Amino acid sequence: MVERAKEEANISKDIRLTSLGLSLSGCEQEATNRELEQELRTTFPNLADSYAVSSDTMGSMFTASSIGGIVLISGTGSNCLLRNPDGSTFNCGGWGNFLGDEGSAWYISYRALKVVFDDMDSFEKAPAPITKTWALIKEHFSIETRYDMLPHCYAKFDKPFFANLCKKLAQNAEDGDELALILFREAGVHLARMITALLPNVHKDLVQTGELNVVCVGSVWSSWNLFQGAFTKELSKQSIKFNLKLVRITKSSAYGACYLGADSAAFNLPRKYSDNFTVLHTIPKGGKAPTGNGVATKCCKCQEK
C-alpha cells in the first residue's frame, strides 16, 4: 500500500518516509502497537524513519481535531472513546456483542428479535404490535418459524448479516411502525449514556473553546432523525458545562493518520479541520431537553440502570 502511494506520488521506492501514520482496526493497545511498529521496521527496514500507529478510532478523531475529543461509533458494533490533550484515554463499550454493543446496528436487530420472541412466548408483552417486525425478520433471514431462526443465532451466526436487519428496521420506523421507532429511541438512550459515562473524565484543556467535539461514526447515524429526541433527552439529565458538537467526518480517517504521522515527526503539515467534517447537531451546555416526546413511554428496558 505504501509502495503504491509512493508510485502515485512519483516518489522512488528507495526513498524512506520521514514518518508513516497508520490508523488501523484492532490497534487499541500501546504494547501491541509497538510490536507492529517493530515488525514493520524488521520486515521493511527502508520504509520509514518513524511510525505513528493508532486505532482507526483515533484516525477518525484526529481527522476532526488536533487535540482529541470523543468518538462515538454506532455501526455493526458500538464503542465510545475519549482522548484528552495529555494523551489520556477512556472508553465506554467496545466489548463486542457478547458483552454489549448497545446502540449499534447489531444490537437494534437483536432487540427486535428478542422483543418479538418474548411477546410470542408470552414472557414479556411487546410495547407495540410485532406484526411488521416479525414479517421483516422472516423476510431478512428467509425463515418461516422461530425454530428456523436458531441456526442464524448460533451455528451459522453472521454478525454483519444480522446487523443488516437494522437498515430494514429503519425503513419500517420511517414508515411509522411504532415498535421500530421504539427500538431506535432505545438506541438513542444507550448512545447518550456512553457519552455520559465519559464526561467526568473530560479535561478542562479539551473544552477551552466551550465545546467538545463528538465524532459520530457508523451507519446507524444515518438514521439520526429516528433517535435524536431520545438521545438529547437522555443527555438533558446531565448538567453539562460545555456544548457538545456532534460531527460526521467527510474525509477518510487516513487524514487523521497522516496528521498524527506528521506530528510525530514534528512536521508542521498544513491542515484545516473544518473542511473535514459537517456538524450533525449541537447540544448547548446545560443540557436543554428537546421539545416533544423524545422517548416512547414504553421504551423497552430504556429505564434500566
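Which residues, counting only those in region 200-221, are touching a residue at least 12 places away in the same chain (Cβ under 8 Å) and either over 17 Å from the mean Cα position of the chain (by Cα) or closer than 19 Å to K168 by Cα (or both)?
N201, V202, H203, D205, L206, V207, G210, E211, G218, S219, V220, W221
Scan region 96-125 residue by residue and report those that are surrounded by 13 or more Cβ atoms within 10 Å (Cβ to Cβ) and either of a type in the set (K, R) or over 28 Å from the mean Cα position of the chain (by Cα) (or both).
Across region 96-125, the qualifying residues are R111, K114, D118, D119, E124.
Since T89 meets every condition but one in (1) among the β-branched types (V, I, T); (2) farther than 28 Å from L183 by Cα; (3) touching a Pro at 6+ places or on another chain (Cβ under 8 Å), which condition does it not meet?
So the condition that T89 fails would be (3).
Looking at N225, N172 in this structure, which one is in a helix (DSSP H, G or I), without any contact (Cβ under 8 Å) to a residue 40 or more places away in the chain and over 15 Å from the mean Cα position of the chain (by Cα)?
Selected residue: N225, the only one of N225, N172 that is in a helix (DSSP H, G or I), without any contact (Cβ under 8 Å) to a residue 40 or more places away in the chain and over 15 Å from the mean Cα position of the chain (by Cα).
Please determine, by comparing only the residues of region 257-295 that are loosely packed, with under 15 Cβ neighbours inside 10 Å, at pLDDT 90 or above and of a type in the set (S, T, Y), which one is farthest from M58 (Cα to Cα).
T282
Can you name the residue in region 215-256 that is of a type in the set (K, R) and more than 14 Å from S74 (Cβ to Cβ) and, of all such residues, is surrounded by the fewest Cβ atoms within 10 Å (Cβ to Cβ)?
K237
Residue by residue, here is whether (1) assigned to a helix (DSSP H, G or I); (2) polar (S, T, N, Q); (3) surrounded by fewer than 19 Cβ atoms within 10 Å (Cβ to Cβ) holds:
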{"residue": "K13", "(1), (2), (3)": "no, no, yes"}
{"residue": "E37", "(1), (2), (3)": "yes, no, yes"}
{"residue": "S54", "(1), (2), (3)": "no, yes, no"}
{"residue": "I67", "(1), (2), (3)": "no, no, yes"}
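Quick grid of which residues meet (1) surrounded by 15 or more Cβ atoms within 10 Å (Cβ to Cβ); (2) touching a residue at least 12 places away in the same chain (Cβ under 8 Å):
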position	(1), (2)
T131	no, no
T145	no, no
M149	yes, yes
P160	no, yes
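The values are calculated or read from the model by the stated rules, or taken from the named source; none is laboratory data. What you are looking at is a predicted structure, and each value in this text was computed from that prediction instead of being measured. Heads up, the Cβs are rebuilt from the backbone with ideal geometry, glycines too, and the neighbour counts pull from every protein chain shown.
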